[in-house]
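Data first, discussion second: the structure below is written as structure tokens.
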Amino acid sequence: MLIILRPGIIEVSLGIQMVLVASFFWSVIIILTKQLTNKDNSITILVYMYTFMTLLTLITAIIFWQTPTTNSIIYLSLAAFVGTVSHISINHAFKLVDVSMTQPFSFISLIVASFYGYFLFDESPDLYTWIGAVIIFIGIIIITIRELKLDKEIVRAKVNINS
């Protein structure tokens, strides 16, 4: 990540700072979700999350409210549906296996985001972005292989699709 961002060489803008803060909070959410999967099901965890986020963002929404257009409502509804299915799936995956087995797959979003950036926004990654991405990808492969070798029998025993 530091290779991609190059702090001190290029300006770390407000957008990048916000992404770093969001990444921190996302990691906290992952830890909390994994802890909750020990005693609650996926839907209950989702209700906790949506209730907390609604209360947390309500003041900001009231201050900056703009009535959405019909087009926006369609896109927001689609995003809400996909997000809900995604969160239920992630919550259930955390219940089935250790987080170290699921997190490497979350980096697939880097590939998807790169394609969106290139095809939709005409952004071309620079050399440092490619180097950083390759290092992250190699790290993911190493962690995945290591986890498969260390926990192979444990992972197989933990995966119960009926739970």
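In the set (1) in contact (Cβ under 8 Å) with a residue 60 or more places away in the chain; (2) of a type outside the set (Val, Ile, Thr); (3) not in a helix (DSSP H, G or I), the condition left unmet by LYS34 is number (3).
Can you pull out the residues in segment 148-162 that are at pLDDT below 70 and either exposed (fewer than 10 other Cβ atoms within 10 Å of the Cβ) or assigned to a helix (DSSP H, G or I) (or both)?
From segment 148-162, those at pLDDT below 70 are 151-162; that's our starting set.
Hits for segment 148-162 are LYS152, GLU153, ILE154, VAL155, ARG156, ALA157, LYS158, ASN160, ILE161, ASN162.
Looking across segment 65-123 at every residue that is part of a helix (DSSP H, G or I) and touching a residue at least 60 places away in the same chain (Cβ under 8 Å), the one that is surrounded by the most Cβ atoms within 10 Å (Cβ to Cβ) is identified as PHE94.
Tell me whether segment 52-62 contains one or more residues that are under 21 Å from SER106 (Cα atoms), of a type in the set (Ser, Thr, Tyr), part of a helix (DSSP H, G or I) and without any contact (Cβ under 8 Å) to a residue 60 or more places away in the chain. Full working, then the answer.
Narrowing segment 52-62 to residues under 21 Å from SER106 (Cα atoms): none.
No, segment 52-62 contains no residue that is under 21 Å from SER106 (Cα atoms), of a type in the set (Ser, Thr, Tyr), part of a helix (DSSP H, G or I) and without any contact (Cβ under 8 Å) to a residue 60 or more places away in the chain.
Listed by first and then second residue, the pairs with beta-carbon distance under 8 Å, at least 6 apart or on different chains, first residue in segment 1-30 and over 23 Å from VAL134 (Cα atoms), second at pLDDT 80 or above and surrounded by 13 or more Cβ atoms within 10 Å (Cβ to Cβ), are ILE29/MET49; ILE30/PHE94. The set of residues in segment 37-48 that are part of a helix (DSSP H, G or I) and either in contact with a Gly (Cβ under 6 Å, 6 or more places away or on another chain) or under 15 Å from ALA93 (Cβ atoms) (or both) comprises SER42, ILE43, ILE45, LEU46.
Okay, residues lined up against (1) at pLDDT 90 or above; (2) within 24 Å of GLY139 (Cβ to Cβ):
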| position | (1), (2) |
| --- | --- |
| VAL21 | no, yes |
| THR60 | yes, no |
| ILE73 | yes, no |
| ASN91 | no, no |
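Going by the structure shown, is TRP130 out of contact with any strand residue (DSSP E or B) (no Cβ under 6 Å at 6 or more places or on another chain), modelled with pLDDT under 90, surrounded by fewer than 14 Cβ atoms within 10 Å (Cβ to Cβ) and over 30 Å from LYS39 (Cβ atoms)?
Values: out of contact with any strand residue (DSSP E or B) (no Cβ under 6 Å at 6 or more places or on another chain): yes; modelled with pLDDT under 90: yes; surrounded by fewer than 14 Cβ atoms within 10 Å (Cβ to Cβ): yes; over 30 Å from LYS39 (Cβ atoms): yes.
Yes: the conditions hold for TRP130.
Count of segment 58-88 residues, restricted to those that are under 22 Å from LEU36 (Cα atoms) and of a type in the set (Ser, Thr, Tyr), is 2.
The values are calculated or read from the model by the stated rules, or taken from the named source; none is laboratory data. Computed from a predicted model, the values in this text were never measured in an experiment. Cβ coordinates were reconstructed from backbone atoms using ideal geometry, including for glycine residues, and neighbour counts include every protein chain displayed.
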